Structures are given as C-alpha cells and as structure tokens.
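Engineer: I'd like to ask some things about the structure below.
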Amino acid sequence: MPPTPAEAPPPRRVGHRAPSERRACRRELRTWVQWLRRTAELHNDLPPCWYRHRWTREMLTALHLGRLRTYAGEKTPGRELAEAEWINTLHASRPHMKPPACAGGHQEPPLPPPPDPGAEEEREPYLATSGDTRHHRPGEAPGRGGATADDRRSGPPL
C-alpha cells in the first residue's frame, strides 16, 4: 500500500517543491558552491555560470546532499571511510564540472533535439526481439530473450 500524503517523504528534487522552498534550496546550494569553489580550489574547474547548466546543477546538488549525509548523518557501520569516499567522488566529478561550451566564457547550452516520432514505435519491437536486451519486459518471465542472471542484476529495465 502506498504511503498516505501525510506519511509520504518530501520531494528531493528542487523542481517539485513550492516556489519559496525552491528559492531557499537554491540559495543554500549557491552558498555551498561558493564555499566549495574556495575550499576545494575549484575556481578553474567550476565556472561562475554553473547555475545556468542543468547537469552541473544536478551534479552539484548530488554532491551537496552527499556531503550533508556523510558529514552530518549518523555513522553507519562499515562506512568508516565515508568522508574519504566523498572526497574521492568530488575529485572524480571535477572533469565534468565545466561545460565544454564554457571553456572560453559562458555559452548557453544547446537546445535538445526534438524527439524522434518513430523512436517509441521502434523501441518496443526491438526490446521484444533483440538478443542483446538485458532485461525482461514487465510480465515476462526472467530468462527469456537471452538474458543471463548477471544481466538481470545489472539494473532496471530501459
């Protein structure tokens, strides 16, 4: 049974919150990113226009939430090196922080291409018949279509 609205957790994504909450979350993120740019010396990796790039905002939000959980959360057995892991994640993210278009100054991100009207029509028959499909369709028994047990453990279906 799904939780009732009173029991449901608050939405994690900023876009699903009330406008006043969104502004507060964005101010908090901005303050944290300013701190991060100075503390981790990211001024060359993270451009001042970071907030104008959806994926960069998403990545920084994830890093911010991860840091809050790591440093302010309860200590979990087996996670004695959580802080070091967070720092490693930050360093692994560095090459992806600067949008390539902004190497010489801010450039607006390109608009995504329009959806291909035939893609959906092609996807279902492909998933139903392709031998390289890693997951079974909903309602289909696992193991059909050539998927191995390792393939089925690799993640959610397309």
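Engineer: Looking at Arg79, Arg30, Arg38 in this structure, which one is over 17 Å from Cys102 (Cα atoms), under 19 Å from the mean Cα position of the chain (by Cα) and without any contact (Cβ under 8 Å) to a residue 40 or more places away in the chain?
Structural biologist: From the options Arg79, Arg30, Arg38, the qualifying one is Arg30.
Engineer: Then there is this: Taking the range 1-39 as the search range and keeping residues that are over 30 Å from Arg94 (Cα atoms) and open to solvent by less than 60 Å² (accessible area, probe 1.4 Å), which one is modelled with the highest pLDDT?
Structural biologist: Going through the qualifying residues, I end up with Ala18.
Engineer: Please verify whether Glu108 is acidic (Asp, Glu) and in a helix (DSSP H, G or I), treating the condition exactly as stated.
Structural biologist: Taking the combined requirement at face value, the residue does not satisfy it.
Engineer: Condition check: out of contact with any Lys or Arg (no Cβ under 8 Å at 6 or more places or on another chain) and at pLDDT 70 or above. Does Thr89 satisfy that?
Structural biologist: Taking the combined requirement at face value, the residue satisfies it.
Engineer: Something else now. Quick check on the range 72-81. Is at least one of its residues of a type in the set (A, V, I, L, M, F, W, C) and closer than 13 Å to Val33 by Cα?
Structural biologist: Checked the range 72-81: no residue is of a type in the set (A, V, I, L, M, F, W, C) and closer than 13 Å to Val33 by Cα.
Engineer: Can you give me the number of residues within the range 40-79 that are among the acidic types (Asp, Glu) and surrounded by 14 or more Cβ atoms within 10 Å (Cβ to Cβ)?
Structural biologist: Here the count works out to 1.
The values are calculated or read from the model by the stated rules, or taken from the named source; none is laboratory data. A quick note: this is a predicted structure, and the numbers were derived from the prediction, not measured. When we count neighbours, we look across all protein chains shown, and the Cβ atoms used for this are built from the backbone with ideal geometry, even at glycine. Note: accessible area is taken over every heavy atom of the protein model, side chains too, but ligands, DNA and RNA are not part of it. Shrake-Rupley method; radii C 1.70, N 1.55, O 1.52, S 1.80 Å.
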